[in-house]
1. Any chance you could check the Cα centroid distance between segment 170-228 and segment 128-161 for me, in angstrom?
2. Could you tell me the calculated FRET efficiency between residue 171 and residue 41, based on Cβ-Cβ distance and R0 = 30 angstrom, to the nearest 0.05?
3. Quick check: the angle from helix 32-42's long axis to the longest principal axis of the chain, C-alpha only, nearest 10 degrees?
4. What residue among 63, 210, 168 shows peak mean-square fluctuation when the chain is described by a Gaussian network model with Cα springs under 10 Å?
5. Working out 0.36 nm times the residue gap between residue 2 and residue 58, then minus their Cα-Cα distance, what length gain in nm do you get to one decimal?
6. With a point put 7 Å past each Cα toward its Cβ, work out how far residue 138 is from residue 84 in nm, to one decimal.
7. How high is the relative contact order of the chain, in percent, with contacts defined as C-alpha pairs under 8 Å that are six or more residues apart?
8. Between residue 14 and residue 34, what is 0.36 nm times their sequence separation minus the Cα-Cα distance? Round to one decimal in nm.
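Just so you know, all these numbers are worked out from the coordinates, no wet-lab data involved. All figures in this text were calculated on a predicted structure; none of them were measured in a lab. No Cβ is skipped: glycine too gets one built from the backbone with ideal geometry, and neighbour counts run over all protein chains shown.
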């Protein structure tokens, strides 16, 4: 079996920055175990598979360890492949997913994700989170992930988490965030229980970050920076029940998988 493979750097100004995602367009779905094995072999934080379905596509995302319900950067990467190779005449594409319909629209050189807004609620700080991060945040909230809020960007940058402890937490991952020096807010994202110690740029985390910082800063449109080693820029908008998350993408490689 020969499968097409694209590796796209999402939320990236150029190749070798942002978050790399593998994208495999399929004619029909493969067995789930095969898709998981391909994702494990790719060894990136996410591999996206999609199949044409009506006027749009059905998308699924796999980390090296498991399928996930929502992924931003791999959706951006998949849309880039659709717009560049499959359907260059399109300006907008809709993906059916485990999190409902997700649309991506061209806006100049940016691609804009339309994602569900996730309302993070305050919660007690789990001891494994505090010990795992090595610092006590000033606030902890939870939605799909725990959100640890700090006062300064420098605190987020200085974190050296104990992944063994964070892996014991019951949610998908941990977002560490703070007001930014140049961006409106910054973040880092850790998901060791899904085989990702630190994700370079996490679009789906901004489904919760955007409404939180929109309320805290009193503005609907926000510039965000994920301050991982690779780093990435995102432009976000709070639209109530939905959020817009925009970024650029760059093609890194095109090839074939033989299995």
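1. A separation of 11 Å, based on Cα centres.
2. On the way: r = 27 Å, r/R0 = 0.90.
So, using R0 = 30 Å, E works out to roughly 0.65.
3. Long axis of 32-42 versus the principal axis of the chain: about 70 degrees.
4. Among 63, 210, 168, the largest mean-square fluctuation in the Gaussian network model of the chain belongs to 168.
5. Details: separation 56, 0.36 × 56 = 20.16 nm, distance 2.02 nm.
So the extension gain works out to 18.1 nm.
6. Output for this residue pair reads 4.1 nm.
7. On the way: 634 pairs, mean separation 61.1, N = 259.
Across the chain, relative contact order equals 24 percent.
8. Working: separation 20, 0.36 × 20 = 7.20 nm, distance 3.10 nm.
Contour length minus the Cα-Cα distance gives 4.1 nm.
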